[in-house]
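These notes are about the structure you will find just below.
Computed from the coordinates by the stated procedures, all read-outs in this text should not be read as laboratory data. Quantities reported herein were computed from a predicted structural model and do not represent experimental measurements. A quick note on method: Cβ atoms are made from the backbone with ideal geometry, for glycine too, and the neighbour counts reach across all protein chains shown.
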Amino acid sequence: MIVTDDDRIARLCRSMCNQGRGEAGVWLSHERLGYNYRMDELSAALGAAQMSRIEEIIEKRKRVAAMYAERLARVPGVRLPHVAPEVTRMSWFVYVIRVGVDEPTPERQSAVRDHVMRRFQEAGIGCRPYFTPIHLQPFYRAEFGFKEGDFPVTELAGRTSIAIPFHNHLTAEEIDYVACVLERALGEAQ
């Protein structure tokens, strides 16, 4: 707990414990180096209780990821998450696909991703861009002078990645709905 009568220190502390986000808390926009220190007591108690079920939870998520992989493998223009063979055990806290990777320009790559996201939102499917490259975050630009073009592969991943709905209880029908909307949106984007 931090107690201060200095507004500047209070803002800094709130930002640092919220992964370096600014006052608006904009998703994936970090103004400074920060940490994830937001857990409250109830969350800690829930997390401790869930640990007794961790194997079951991971197994369910693994099944959902496999259903996504099987269904989305048939959608042209989609890159699935890479899982290193036999050396990685994924917790599958998020499922990230990439679209528009083969487009000729950064603008087209972003346009395809943005079009797909709009169609998802119109269809009631939650999604987020995933991720803004770290070197393009305000803190790292200001502190280290990074600029667009410094890490082109990372920037390509940032322009083309979308986190799609993912939780333990997704059904095959829900995954098929996501895949159908995705396929239609990619067809329109061509």
Gain upon complete extension [residue 5, residue 123; 0.36 nm per residue less C-alpha separation]: 37.8 nm
Förster radius 25 Å - calculated FRET efficiency between residue 17 and residue 168 (Cβ-Cβ, nearest 0.05): 0.35
Positive minus negative residues near residue 22 (Lys, Arg vs Asp, Glu; Cβ under 11 Å): +2
Candidates 111, 66, 49, ranked by Gaussian network fluctuation over the chain, Cα under 10 Å, top entry: 49
Calculated FRET value between residue 131 and residue 83, using beta carbons and R₀ = 22 Å, to 0.05: 0.75
Amide H partners (placed H, <5 Å) of residue 32, local residues excluded: 139
Environment charge at residue 96 (Cβ cut-off 10 Å; Lys +1, Arg +1, Asp -1, Glu -1): +3
Order of 27, 92 - criterion: other Cβ atoms within 10 Å of each residue's Cβ, fewest first: 27, 92
Gaussian network model of the chain, springs between alpha carbon atoms under 10 Å - residue of 69, 172, 157 with greatest fluctuation: 172
Listed candidates [x] 44, 36, 35; [y] 54, 40, 36; [z] 57, 46, 36 - label of the one calculated as Cα extents along the principal axes in Å: [z]
